[in-house]
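This report concerns only the one structure given below.
The values are calculated or read from the model by the stated rules, or taken from the named source; none is laboratory data. The shown structure was predicted, so the numbers you read here are calculated from the model rather than taken from an experiment. Heads up, the Cβs are rebuilt from the backbone with ideal geometry, glycines too, and the neighbour counts pull from every protein chain shown. Just the protein is used for accessible areas: all its heavy atoms, side chains included, with ligands, DNA and RNA removed. Shrake-Rupley method; radii C 1.70, N 1.55, O 1.52, S 1.80 Å.
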Amino acid sequence: QLQLVESGGGLVQPGGSLRLSCAASGFTLDYYTVGWFRQAPGKEREGVSCIYSSSGSTSYADSVQGRFTISRDNAKDTVYLQMNSLKPEDTAVYYCAASSKGDFARIPRLCLMTGFFRDWGQGTQVTVSS
């Protein structure tokens with residue numbers, strides 16, 4: 001019943017920027033912790049960034065710290081991932097995920113784990129290449 005739709009992916013040159021969107025259907029996204037994950041061919045799915053439901057606390061993978069920013073627009077029921085200074089190694093399919101487990105901001109990196117989430121979008125391709 002719960003649906004998440006990612007958008008905003010595409011082809012961008014190294015050093016460029018993209019903004020990904022995660023929109024909810026069938027539920028109010030501001031009550032959920034939302035995470036962004038990515039998976040490149042032949043690699044495991046990894047957590048990129050996440051934002052907790054109540055506190056708004058955010059977490060980032062070390063590889064994207066300082067370059068990516070996660071944010072929430074409750075009026076639009078959408079979570080964004082602003083990606084700046086993109087590198088070829090950022091190339092992957094990016095997925096958003098939602099969890100109703102609650103706010104675990106005392107364990108900041110918990111929402112970077114795939115097992116924390118049950119509902120997933122279909123993904124959007126991000127390719128960083130010259």
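With respect to the stated conditions, K87 fails to be basic (K, R), farther than 18 Å from A40 by Cβ and touching a residue at least 12 places away in the same chain (Cβ under 8 Å). For the stretch 1-26, the tally of residues that are in a loop (DSSP other than H, G, I, E, B) and over 18 Å from A75 (Cα atoms) stands at 9. Taking the stretch 51-64, which residues are more than 13 Å from the chain's Cα centre (by Cα) and surrounded by 16 or more Cβ atoms within 10 Å (Cβ to Cβ)? Correct list: S53, S57. Scanning the stretch 54-76 for residues that are touching a Leu at 6+ places or on another chain (Cβ under 9 Å), of a type in the set (G, A, S) and outside any strand (DSSP E or B) returns a single hit, A61. If the condition is being closer than 11 Å to A97 by Cβ and either among the small types (G, A, S) or without any contact (Cβ under 8 Å) to a residue 60 or more places away in the chain (or both), then the stretch 110-127 contributes G115, R118, G121, G123. Just checking, does the stretch 92-111 include any residue being β-branched (V, I, T) and touching a Gly at 6+ places or on another chain (Cβ under 6 Å)? Checked the stretch 92-111: at least one residue is β-branched (V, I, T) and touching a Gly at 6+ places or on another chain (Cβ under 6 Å).
Once the stretch 77-102 is narrowed to residues that are in a helix (DSSP H, G or I) and charged (D, E, K, R), the residue that is most open to solvent (accessible area, probe 1.4 Å) is E89.
Looking at the stretch 103-128, which of its residues are over 19 Å from S7 (Cα atoms) and open to solvent by 50 Å² or more (accessible area, probe 1.4 Å)? Matches in the stretch 103-128: D103, F104, R106, I107, P108, R109, M113, T114, G115, R118.
Exactly one residue among R45, R38, R67 is open to solvent by 60 Å² or more (accessible area, probe 1.4 Å), at pLDDT 95 or above and basic (K, R), and that residue is R45.
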